[in-house]
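K.L.:
So that we are looking at the same thing, I have put the structure below in structure tokens.
The values are calculated or read from the model by the stated rules, or taken from the named source; none is laboratory data. Since we're looking at a predicted model, the values are computed, not measured. Neighbour counts are summed over all protein chains in view; Cβ atoms, including those assigned to glycine, are modelled from backbone coordinates with ideal geometry. Calculation scope for accessible area: heavy atoms of the full protein, side chains included, ligands and nucleic acids excluded. Shrake-Rupley method; radii C 1.70, N 1.55, O 1.52, S 1.80 Å.
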Amino acid sequence: MGFLLQHGFTVLGQWISIAELLGQLCALAVVFLAQRRTLWTWPVQVGATVLLFAVYVSAHLGGLASRQVAILLISLYGWWAWSRRQDPVYGVVVRQGSWTERLVMIGAFAVGTTAMALLLDALDASWAPWPDAAIFVGTLVAFGAQGAGLVEFWLVWLVVDAIGVPLQIKSGLWFSATVYLIFAALVVHGWWSWNRSAQRVAAGRAVTAASS
């Protein structure tokens, strides 16, 4: 891993390590794969977490580094969950979350961000504890909702992207910031795609229930 961190190239005056390049490309591929609801989403995510963990540790961003460990664990859960929720017509079955689930997601984001920011600040593990913590917790909420097949996980990713772009720029990780902008565009399309799929699934179930 040291080789991947120490070697790279310069683009427009900005240094990009091989580890950052490969890690962010894998992360970008995950968004693309998630739109298509394929199980390959999760093993590719595992590869991204390993590479980006090393990148963020070297950039002294404890929150972003810690979230890679959490993402790894959630990815294993998502892999298992998606493999059990296959449908011959719709692929991985997705749905819109209930209002209770949405409120739980918002509450988890708010409380988790506060707790994580205080922890990062106390440990001096990040130069920007609040946005670092928000990205960490937002990522957990998003991946947890993604594993559960909730359409709203895409909206959580939009919040994470909005916070992540300026943080990456201030950290000197310009390539990562650019990838986050691409993420945002893919996230909007992913939300639209999943929302349509959820509506088709709901309509199909309604027809089945009415005819039975």
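K.L.:
Would you mind telling me the share, in percent, of accessible area of the chain contributed by carbon and sulfur at probe 1.4 angstrom?
P.N.:
Of all accessible area on the chain, carbon and sulfur atoms account for 72 percent.
K.L.:
How many angstrom lie between the C-alpha centres of the stretch 11-76 and the stretch 112-127?
P.N.:
21
K.L.:
OK, next. Note down the accessible area of Val30, probe 1.4 Å, to the nearest 10 Å².
P.N.:
Ignoring ligands and nucleic acids, Val30 comes out at about 10 Å².
K.L.:
Going through the stretch 5-56, which chymotrypsin sites (Phe, Trp or Tyr not before Pro) have at most 15 other Cβ atoms within 10 Å and a DSSP loop state? Mind showing how you got there, number by number?
P.N.:
Details: sites: Phe9, Trp15, Phe32, Trp40, Phe53, Tyr56; in loops: Trp40.
Taking the stretch 5-56 and a limit of 15 other Cβ atoms within 10 Å, the loop chymotrypsin sites (Phe, Trp or Tyr not before Pro) found are Trp40.
K.L.:
Here's something else I'd like to know. Quick check: pseudo-label points 7 Å beyond the Cα along Cα→Cβ at Ser83 and Ile182, how many nm apart are they?
P.N.:
Here the answer is 2.9 nm between the modelled labels.
K.L.:
Here's something else I'd like to know. For the chain, what is the mean residue ellipticity at 222 nm derived from helices alone (per DSSP H run of n ≥ 4: -39500 (n - 2.57); sum divided by total residues; nearest 500 deg cm²/dmol)?
P.N.:
Mean residue ellipticity, 222 nm, calculated: -26500 deg cm²/dmol.
K.L.:
Restricting things to alpha carbons, tell me how big the stretch 23-84 is in terms of Rg and Dmax, in Å.
P.N.:
Over the stretch 23-84's Cα set, Rg and Dmax evaluate to 11.7, 38 Å.
K.L.:
Taking the structure as given and computing Rg and Dmax of the Cα atoms in Å, which label from (i) 16.3, 47; (ii) 17.9, 65; (iii) 19.0, 64 fits?
P.N.:
Comparing each candidate, only (ii) matches the computed number.
K.L.:
If you place +1 on the Cβ of every Lys and Arg and -1 on the Cβ of every Asp and Glu, how big does the dipole about the Cα centre of the chain come out, in debye to the nearest 20?
P.N.:
780
K.L.:
What does the accessible area per residue of the chain come to in Å², with a 1.4 Å probe and no ligands, DNA or RNA counted?
P.N.:
For the chain, the per-residue accessible area is 49 Å².
K.L.:
What residues qualify as long-range amide H neighbours of Leu61, i.e. H under 5 Å apart, gap of 5 or more or another chain, H built at 1.01 Å from N?
P.N.:
Sorted by chain and number, the residues that satisfy this come to none at all.
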